[in-house]
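Here the structure is laid out as structure tokens; the discussion comes afterwards.
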Amino acid sequence: MKTRNAFLIATAVSVSLAFAAINTHAAPIHVSKQNPCYFTDDSGKAIYLTGSHVWYNLQDMGPSDPPQKFDYPAYLQWMNERNHNFIRLWRWELLWWNTSANSANFQRDQKEFVVAPHPWARTGPGEAVDGKPKFDLTKFNPDYFERLRERVEAAGEQEIYVAVMLFEGWGLQRIKDSWPYHPFHPDNNINGIDGDVNGDGRGVEVHELEDPNVLKIQKAYVEKVIDTVNDLDNVLYEISNENHPESTAWQYHMIRFIHDYESRKPAQHPVGMTFQFSGGKNETLFESPAEWISPNPEGGYRDNPPAADGSKVILTDTDHLWGIGGNPVWVWKSFTRGLNPIFMDPYDGLVLGDPDRPEFIALRKAMGDTLRFANRMNLIEMKPRNGLSSTRYC
């Protein structure tokens, strides 16, 4: 208890409680020139991001077909009660999720989940692997994009920022025999698209620059996403969740594509590149043209996070550090090192993990408490000063 109190006292004494402020969305956020560890908006105030995200906060997941609809208003209310202001809005590319690929420590009894809706219209002719009409990859599914718009808007009304995840790379790599369940598998679309360029049955080349026809479809989809939410101030973009290291050139290309496309639109939003699994290096993220990144444990981000230096806005995500894990001390360490901690949350326990573990309850509270500190202090003037306290977290 003495150590814990010393840590909290050092943290509290080391902050300047200059003024109270509410985190309103005055304009689209951008990297602060004054303090590039953080985003800001037209208010000039540093915007510290922290909060819980869950895999099915955009697309529904569940054992039934169609899956039960996620109660998104209840989720936003739940976040408000914990004083969180950031979510990753998850994209899942596969038609289903077999959680047997996840650690046995995380699994629930149910291991297979249907995922819906998807970005493209299911027009047929012919049936896809799941027995539904095949996708027409030249036509968009209005239900998907209406839901995207509504959910980003609803989050904004609650003063919550949203990172719109555009692609998902973990599933194709880790879930055995998952390629037949991807829309770009030739059995699932009417357009003659086969993203498995090398024919090895994995299809991970859809996240590389191997097939110009695949890239054309992906860019049209990204443009549609941007057109759907460009006028909203609480938006960030994330290229892909945990894609493989060979996706680097494709991810860099997509980041630049978004920058270019939005340069001709009314608003511009930050683009993020996150940990590449497995074998990716944080150096690749720092060298990217992205405004924000989420690193892997390399360099101590799990136990002794290095202080942010302003080269990127850093969102430390438990997803990339533990999978499902984390603790409240990690939140405070991240906060005092100029980082923005976020939590991949089991939430209601539908898919993976135990949401009621004591350390998770305390972690959620710690994120809300750090946001209260951030909104009371003149954060734009703050930089990590490891030497000002005995804990070195200051």
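The values are calculated or read from the model by the stated rules, or taken from the named source; none is laboratory data. Keep in mind the model is a prediction, meaning the values are calculated, not measured. Neighbour counts run over all protein chains shown; Cβ positions are idealised from the backbone, glycine included. To get the accessible areas, we keep the full protein, side chains included, count just its heavy atoms, and leave off ligands, DNA and RNA. Shrake-Rupley method; radii C 1.70, N 1.55, O 1.52, S 1.80 Å.
Restricting attention to the range 152-185, and to residues there that are among the polar types (S, T, N, Q) and closer than 30 Å to G199 by Cα, which single residue is least open to solvent (accessible area, probe 1.4 Å)? Write out each step before concluding.
Step one: filter the range 152-185 for residues among the polar types (S, T, N, Q), giving 158, 173, 178.
Pick out the ones that are also closer than 30 Å to G199 by Cα and you get 173, 178.
Numbers: Q173: 42, S178: 3 Å².
In this case the residue turns out to be S178.
For the range 205-217, does any single residue satisfy the condition of being out of contact with any His (no Cβ under 9 Å at 6 or more places or on another chain), buried (at least 18 other Cβ atoms within 10 Å of the Cβ) and free of Cβ contacts under 8 Å to residues at least 24 places away in the same chain?
Yes, because at least one residue in the range 205-217 is out of contact with any His (no Cβ under 9 Å at 6 or more places or on another chain), buried (at least 18 other Cβ atoms within 10 Å of the Cβ) and free of Cβ contacts under 8 Å to residues at least 24 places away in the same chain.
Can you name every residue in the range 308-334 that is open to solvent by 10 Å² or more (accessible area, probe 1.4 Å), of a type in the set (A, V, I, L, M, F, W, C) and in a helix (DSSP H, G or I)?
Selection gives V329, W332.
Given the options V206, V162, name the one that is outside any strand (DSSP E or B) and not aromatic (F, W, Y).
Numbers: V162 fails: outside any strand (DSSP E or B).
Sole residue among the options that is outside any strand (DSSP E or B) and not aromatic (F, W, Y): V206.
With the structure loaded, tell me whether L232 is closer than 29 Å to I380 by Cα and out of contact with any helix residue (DSSP H, G or I) (no Cβ under 8 Å at 6 or more places or on another chain) or whether it fails that test.
no
Quick check on the range 344-362: of everything there that is of a type in the set (A, V, I, L, M) and over 18 Å from the mean Cα position of the chain (by Cα), which residue is surrounded by the most Cβ atoms within 10 Å (Cβ to Cβ)? Write out each step before concluding.
Filtering the range 344-362 for residues of a type in the set (A, V, I, L, M) gives 344, 350-352, 361-362.
Then drop every residue that is not over 18 Å from the mean Cα position of the chain (by Cα), which leaves 350, 361-362.
Working: L350: 20, I361: 13, A362: 14.
Ranking the qualifying residues of the range 344-362, first place goes to L350.
In this structure, does P341 turn out to be surrounded by 14 or more Cβ atoms within 10 Å (Cβ to Cβ) and assigned to a loop (DSSP other than H, G, I, E, B)? Lay out the reasoning, then the answer.
On the way: surrounded by 14 or more Cβ atoms within 10 Å (Cβ to Cβ): yes; assigned to a loop (DSSP other than H, G, I, E, B): no.
The answer is no for P341.
What tally of residues in the range 371-393 results from selecting those that are in a loop (DSSP other than H, G, I, E, B), among the basic types (K, R) and touching a residue at least 60 places away in the same chain (Cβ under 8 Å)?
Step one: list which residues in the range 371-393 are in a loop (DSSP other than H, G, I, E, B), which gives 377-378, 382-385, 389-393.
With the extra rule that they be among the basic types (K, R), the set shrinks to 383, 385, 392.
Cutting the leftovers down to touching a residue at least 60 places away in the same chain (Cβ under 8 Å) gives us 383, 385.
Number of matching residues: 2.
Regarding the range 50-58, can at least one residue be identified that is within 22 Å of S178 (Cα to Cα), part of a loop (DSSP other than H, G, I, E, B) and β-branched (V, I, T)?
Yes, there is a match, as at least one residue in the range 50-58 is within 22 Å of S178 (Cα to Cα), part of a loop (DSSP other than H, G, I, E, B) and β-branched (V, I, T).
From the set of residues in the range 266-292 that are of a type in the set (V, I, T) and surrounded by 21 or more Cβ atoms within 10 Å (Cβ to Cβ), which is nearest to V164 (Cα to Cα)?
So in the range 266-292, the residues of a type in the set (V, I, T) come out as 271, 274, 284.
Subsequent filtering for residues that are surrounded by 21 or more Cβ atoms within 10 Å (Cβ to Cβ) retains 271, 274.
Numbers: V271: 9, T274: 13 Å.
Per the stated criteria, the residue is V271.
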